[in-house]
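What follows is a single structure, written as structure tokens, with notes after it.
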Amino acid sequence: MALVAAIFLALFVLPSPWGVVAVAGAAVLEVGETAFWIWLSKRRRPQVGAETLIGARAEVVAPCRPVGSVRISGELWRARCEAGADRGDAVLIRAVDGLTLVVEPA
């Protein structure tokens, strides 16, 4: 947007040397802003897929001895806990095996 405004000013308002300076400055500003937003968008890893659940806490809703279910972010998942976990216990998600979460007591 700044580049369009600078071109408009250069053509209709500003004298000859200042029009070029305004367009060049606006172009630098646009390139810098684009680089900033690209950098900002690449700082975080993508938040998609079941793999993003690894390391999160979940609550056991059906006893896991060794297979049961857990609730995480309002979703119910099938879970496997070799150590066993009772209803209401907090567990940590360690891996994803298909659509089954491998968990351990927190």
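The values are calculated or read from the model by the stated rules, or taken from the named source; none is laboratory data. Model, not experiment: these values are computed from the prediction. Every residue, glycine among them, receives a Cβ derived from its backbone with ideal geometry; neighbour counts consider all protein chains shown.
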Query raised in the report: Is one or more of the residues making up segment 27-50 exposed (fewer than 14 other Cβ atoms within 10 Å of the Cβ), out of contact with any Cys (no Cβ under 7 Å at 6 or more places or on another chain) and within 13 Å of V102 (Cα to Cα)?
Result: no
Report summary line: Being within 30 Å of A85 (Cα to Cα), of a type in the set (G, A, S) and at pLDDT below 90 narrows G55, G49, G68 down to just G49
Query raised in the report: Does any residue in segment 29-57 that is free of Cβ contacts under 8 Å to residues at least 12 places away in the same chain come within less than 9 Å, Cβ to Cβ, of a residue that is among the β-branched types (V, I, T) and outside any helix (DSSP H, G or I) six or more places away or on a different chain, and which pairs are these?
Result: G49/V96
